[in-house]
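Step one of this worksheet: look at the structure below.
The values are calculated or read from the model by the stated rules, or taken from the named source; none is laboratory data. Values in this document were obtained by computation on a predicted structure and should not be read as measured data. Here the Cβ positions follow ideal geometry from the backbone for every residue, glycine too, while neighbour counts run over all protein chains shown.
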Amino acid sequence: MNRREFLKVAGVTTAATGAALAVNPKKVMASVELGKYQDDYPYEVTKDFKGFSSKNVMFMRMFWDNNRYKDEYLNSAYDYHTPIETGINFYAGFKGYLPSTAHDPNTVGFRSVDKALGNAADSVNIDFGGMSKFTCTNSIFETYPINPQTGKPMKDMPVLTKGLFTWDNSSVDKMIKQGKSPYKFEDAKDAAKYVKKAAKFLGADLVGIAPYNERTKRWTYKEWTTPNVKEFNMPDGSKTFSPVNPIKLQNGEFETYGVTTRKSDFMREAGFEPKSIIVMAFKQDYDSIKTAPTAVSTGATGMAYSQMAETSYKLAKFLKEMGYKAAQAGNDTALSVPLAVEAGFGEGSRMGMLVTEQFGPSVRLAKVYTNLEIHPDKPKTFGVKEFCDVCMKCADACPGKSISKEPITVVKEGMEFDTGIAGKSNISGVEKWFVNGERCLSFWNYNGGGCTTCVAVCPYNKIDEWHHDLSKLMTLSPFKPLLRSMDELFGYGGPVEPEVRLESKYLKDAVNDFWDKL
Ligand code: SF4
Ligand code: SF4
């Protein structure tokens, strides 16, 4: 749709701002300050907030939590009723060990070719991400040839891969021993300039700095968790360390070995106390996300995960080369969304994802902890909270019935919402919208891969052009309730009703368009 068609359909020719935007959107938007910098974290955190253990992340519960869900909907809707069953079956389906029962393998969007894209896109993360001892949830299954419990490599492995998420700072220790001083920046602001440029140059789409202080320390997982593994001799003669019995898995049986949990401690695991956290966002491909919840949309997610692993490693290397220590992390180590809020490039949202000004919710996050002092950014709000109050598009579109339509609140375990009871995987004591992670992962399992429908339909998910700028402006105006309707009218995000979406021509066309467009 061009600007003329937009104005005709929207009927906003009387709106001076809209018209001006249509003539020269970049110039007008440059003069509009949408965001407000905040001195404090912009959501309530209760005084008794005790932090969150990574043991309770849904992807960790699949190794230890064999309790039946306390959710009638879940127990009636799906065949798997515990986090172990759901998580392991999801993994087995995703890797192609077990066939997906939800979709005919000839269905456009769920064919082998569609699934291969997601696995290929994620492969740098999965095959080379590795695991930082006691921390990582990025590559929980592909830990060989290093035993994550001991950090020791398998004896007969010809190649030793450290992994892109390694916290090995021995090169800096060596420099210190040799009496070399770290590179001296003029001050913390000067350091911020160079670090931010390096992060962007090395592959980040957004970068911000959070200080490492009492306010941000609380977002570090209070415990770091690793799945326990056993060594297996595989039928083909190879060996592997695996947290799931890989032989039984091929028959659809689940055997896991629990987890090892230790209090988080950067000094013990990485050899330094951090001073700053560099937070980075990686945008996801718009055309691929548009196809959610097909397997093609996992391609966008996988690409971002691989980029997270690669860029974080390179940025850590940049710091180490100058004599500063670094510990890079993907989803592990600390809660990424509050850290990105602290670093000033996004707000929380109803769907639980970060919404950024530039790319909406279609980003993945990584962070690099370092002992270099870098001038921090401040949280910045730009109307997401107010808009999520009235929009609710993600809640209507969620095929897993996970996203609540109730108002934002301080969530505590055991509280009841329209989409279920807050369980272990919900962070207690922080103001947020309730999202039921157990239902979400159960849908992923049923779907035979990921989902991402919430991101695809969100009115903030737009390619960065003038439509996006106008949308941002509308979220702050009295017209904000109209934005969702306009979004649907223009066909953004496709059908909202889950059953209609999965069977829709929109989705099939989106997948075919994705493959057709070079
Ligand atoms: S990923 Fe899918 S199932 Fe999960 S919350 Fe988003 S829309 Fe719902
Ligand atoms: S779809 Fe609407 S309610 Fe959901 S996160 Fe996006 S703006 Fe908020």
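The table that follows gives values for the structure above.
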item	result
Single match in ALA309, ALA300 (criterion: at pLDDT below 95 and aliphatic (A, V, I, L, M))	ALA309
Selection count where residues are assigned to a loop (DSSP other than H, G, I, E, B) and out of contact with any Pro (no Cβ under 9 Å at 6 or more places or on another chain), scope segment 428-447	4
The one condition in (1) modelled with pLDDT of 85 or more; (2) buried (at least 18 other Cβ atoms within 10 Å of the Cβ); (3) not small (Gly, Ala, Ser) that LEU98 fails to fulfil	(1)
In segment 390-427, residue farthest from ligand 1 (Cβ to nearest atom) [restricted to those that are among the small types (Gly, Ala, Ser) and at positive phi]	GLY414
First in segment 352-371 and over 14 Å from LEU315 (Cβ atoms) and acidic (Asp, Glu), second anywhere and away from ligand 1 (no atom under 16 Å from the Cβ) and outside any loop (DSSP other than H, G, I, E, B), Cβ under 8 Å, 6 or more apart	GLU357/LYS380; GLU357/LYS472
Qualifying residue in segment 66-74 (condition: hydroxyl-bearing (Ser, Thr, Tyr) and in contact with a His (Cβ under 7 Å, 6 or more places away or on another chain))	yes
Subset tally (residues that are near ligand 2 (Cβ under 7 Å from one of its atoms), part of a helix (DSSP H, G or I) and not aliphatic (A, V, I, L, M)) for segment 378-394	4
Residue check, LYS317 surrounded by fewer than 24 Cβ atoms within 10 Å (Cβ to Cβ), more than 16 Å from ligand 2 (Cβ to nearest atom) and free of Cβ contacts under 8 Å to residues at least 40 places away in the same chain	yes
Out of SER362, SER336, SER402, sole residue that is closer than 18 Å to ASN461 by Cα and either touching a Leu at 6+ places or on another chain (Cβ under 6 Å) or crowded, with 24+ Cβ neighbours inside 10 Å (or both)	SER362
Filter result for GLU269 (part of a helix (DSSP H, G or I), more than 30 Å from GLY109 (Cα to Cα) and at pLDDT below 95)	yes
